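Reading through the structure tokens given below for one structure.
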């Protein structure tokens, strides 16, 4: 059984007994999003509030955020990471790719909860299309986004199984740009395929594994395999 599908969840049992479902604005108390005011449903997002959701990725994201002039969040959801990057003064442009209207509405409110209209205007661009190579199905290639490829940026992909297609749709950007990237993988074969694709472009990806303590604080993922590939911009003097 996968580490994030452990059925023994005493904290969840306690939570269900005392917390009613429904969203409200709350200030995150720890972790990457500490201090952000986010609309959260604590019946399923308690780990976001406590700074435990995807904690394994926080070190890499913080490192990248300190040097990113742009950011693309493919599968932005309700925009926690979008708001985090908008708060970084160095980051001049943020693309949030999210096809689900309900999620986009929350994403925009989360941004407005944490930044002024002046801070958001001209920096946040929301796209409600799917990204990928199949333009006949209405997919938008990652390569079509307006990004300054001379400046370093951050790409995060979380698309529940379509990660390789998104990467392939941005092959030119990945080959010629200065891109740090974080890809959530949803099967062992997809992880291998994404790893090989990035390696072929000159990246040196590594796997971020689920923490051992997920045995006690699982994220309850729908798929058995759920972890991350990360890679820093290739041939970049900023790497250390």
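Exposure proxy for 93, 63, 101: other Cβ atoms within 10 Å of each Cβ, ordered fewest to most, give 101, 63, 93.
A Gaussian network model of the chain, with springs between Cα atoms under 10 Å, assigns the largest mean-square fluctuation among 98, 54, 191 to 54. Annotation: for a label point projected 7 angstrom from Cα along Cα→Cβ of residue 120, no residues of the range 153-168 have a backbone N closer than 16 Å. Residues considered: 206, 83, 116. Largest GNM mean-square fluctuation over the chain, using C-alpha springs under 10 Å, is found at 116. Of 91, 64, 44, the residue with the greatest mean-square motion in the GNM of the chain, using alpha carbon springs below 10 Å, is 44. Pairs of Cα atoms nearer than 8 Å and 6+ residues apart set the relative contact order; for the chain it is 19 percent. Only helices enter the 222 nm calculation for the chain: every DSSP H run of n ≥ 4 contributes -39,500 (n - 2.57), and dividing by all residues gives -9000 deg cm²/dmol, rounded to 500.
Extension gain for residue 43-residue 23 works out to 6.3 nm (0.36 nm per residue, less the C-alpha to C-alpha distance). Here the chain carries DSSP beta bridges of which approximately 40% are antiparallel, counting only pairs with both residues inside. Listed from fewest to most Cβ neighbours within 10 Å, the set 203, 58 follows the order 58, 203. In plain terms, the residue of 186, 225 with the fewest other Cβ atoms within 10 Å comes first and the most crowded comes last, giving 225, 186. The stretch between residue 219 and residue 175 holds 12.5 nm of extra length on full extension. This uses 0.36 nm per residue minus the Cα-Cα distance.
Quick note: the coordinates plus some simple rules give every number you see, no bench work behind them. Here the structure is a predicted model, which is why all the values come from computation and not from measurement. Please note: Cβ atoms are built from the backbone with ideal geometry, for glycine as well, and neighbour counts cover all protein chains shown.
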